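Peer 1: Handing you this structure, nothing more for now.
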Amino acid sequence: MKDVRFIHGNDYRLSLVLISAAVCFLIHIPELIALSGSFNTHDVFLDIRLIEVINEMLFSFLSLLLLFVLNMMAFRFNRTYVKSAAGKIILSFLLCWLISTLLSNAFYHLHQIFDIPVVQATEHHYLHPVRDFIISCVVTTSCYIIYMMRKQQHIMLENQQLKLENILSQYETLKNQLNPHMLFNSLNTLRSLIRDEPVKAQGYTQELSHVLRYMLQENVSQKATLAQELEFTESFIFLLAMRYEDNLVFDIQTDKKWNHCLLPPMSLQVLIENAVKHNEISNRHPLKVTVKTSADGMLSVCNPIQPKLTVSPGTGIGLNNLVKRYRLLFDQEIIIDNQDHKFCVSIPLINPKDHEDTHH
């Protein structure tokens, strides 16, 4: 996810300073041209001096800043929660025009009292009301534009937060579906072992506690590393081996260079359980499940297709759950290949750095 940053604090003040400087320069272009001696503007502003132009520009710059500050204090255009109505915009413009006119008169009196150097041309005095109008328009428009930008960014941020909360809520719902599913299957197996093989039931109970501890720990996490999943899978395979003995064989070929990569918790358990659930496992038809990593960063779980003679209806939780979790958490798709009497599910191993980049 990309960051949404508001124009606030130093950024907000800097934007006001830059706008004031730009407007100040633009409204004093005639004096600057006259000062440079270009065209015939020097005939309008006779005997114009640099100090006079500097004082005029400094006054305009300070006036603009003052008007921005007054707008911010009076109308709170720098606050996104404040509603902006047409009446407030008109009132802001009128206030700016009034204060700008008062400041111009005050500057003129200061010139007379303290003999501050200013441009003396008659035409220049006629330009002041026009400039006051322009300044009022610029200040009001700029405040409104900045307000709308901040409000739009605030809406975007709220939408992103709501979207993230919705994704997390959906993910938690999907993840919580797996816990009772796994628990019920394990308890059914334990009940059979207690009845038929009490000694094995004790070892099964111990490993089941390890599995459940991992499930409880990972229940607060949205992702796990491949190394964590492989360690958990060892305990889960032990539980399956207690039930199926030599009829269920696992071939695990994973490269350690992928151990730091991320995937949804209990992904391997889901894929292995899916293979066990939908295939016949017997002395006549033992099942071999292969778990391996590929050079392109995929983790595959494959098994030969050995359909059971009696097919029990599925709950629709396992593989579909994993597909949805990958979409929500990583925006990735898993690959399901069902060809040549072999069933393979390949899931992406997510580089932690790539995952961080997509969420900033």
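Peer 1: Does region 250-276 hold any residues that are open to solvent by 70 Å² or more (accessible area, probe 1.4 Å) and touching a helix residue (DSSP H, G or I) at 6+ places or on another chain (Cβ under 9 Å), and which are they?
Peer 2: Result: Ile252, Lys256, His260.
Peer 1: Residues of region 186-214 being open to solvent by less than 70 Å² (accessible area, probe 1.4 Å) and among the aliphatic types (A, V, I, L, M), which ones?
Peer 2: Leu190, Leu193, Ala201, Leu208, Val211, Leu212
Peer 1: Among Asn303, Asn283, Asn247, Asn279, which is the only one that is crowded, with 18+ Cβ neighbours inside 10 Å, in contact (Cβ under 8 Å) with a residue 24 or more places away in the chain and over 40 Å from the mean Cα position of the chain (by Cα)?
Peer 2: Asn279
Peer 1: Same structure, new question: Among the numbered criteria (1) in contact with a helix residue (DSSP H, G or I) (Cβ under 7 Å, 6 or more places away or on another chain); (2) under 22 Å from Cys137 (Cβ atoms); (3) at pLDDT 70 or above; (4) hydrophobic (A, V, I, L, M, F, W, C), which one does Met73 miss?
Peer 2: Among (1) in contact with a helix residue (DSSP H, G or I) (Cβ under 7 Å, 6 or more places away or on another chain); (2) under 22 Å from Cys137 (Cβ atoms); (3) at pLDDT 70 or above; (4) hydrophobic (A, V, I, L, M, F, W, C), Met73 violates only (1).
Peer 1: All but one of (1) surrounded by 12 or more Cβ atoms within 10 Å (Cβ to Cβ); (2) farther than 26 Å from Tyr147 by Cα; (3) at pLDDT below 75 hold for Ser36; state the number of the condition that does not hold.
Peer 2: (1)
Peer 1: Right, next: Among the listed residues Lys288, Lys324, identify the single one that is surrounded by fewer than 17 Cβ atoms within 10 Å (Cβ to Cβ), outside any loop (DSSP other than H, G, I, E, B) and either at pLDDT 95 or above or on the phi > 0 side of the Ramachandran plot (or both).
Peer 2: Lys288
Peer 1: Report whether or not Asn159 is of a type outside the set (A, V, I, L, M, F, W, C), at pLDDT below 80 and either in a helix (DSSP H, G or I) or open to solvent by 80 Å² or more (accessible area, probe 1.4 Å) (or both).
Peer 2: So Asn159 fits the description; yes.
The values are calculated or read from the model by the stated rules, or taken from the named source; none is laboratory data. Predicted model, so just to flag it, every value in this text is computed and none were measured. FYI the Cβ positions are ideal-geometry reconstructions off the backbone, even for glycines, and counts take in every protein chain you see. To get the accessible areas, we keep the full protein, side chains included, count just its heavy atoms, and leave off ligands, DNA and RNA. Shrake-Rupley method; radii C 1.70, N 1.55, O 1.52, S 1.80 Å.
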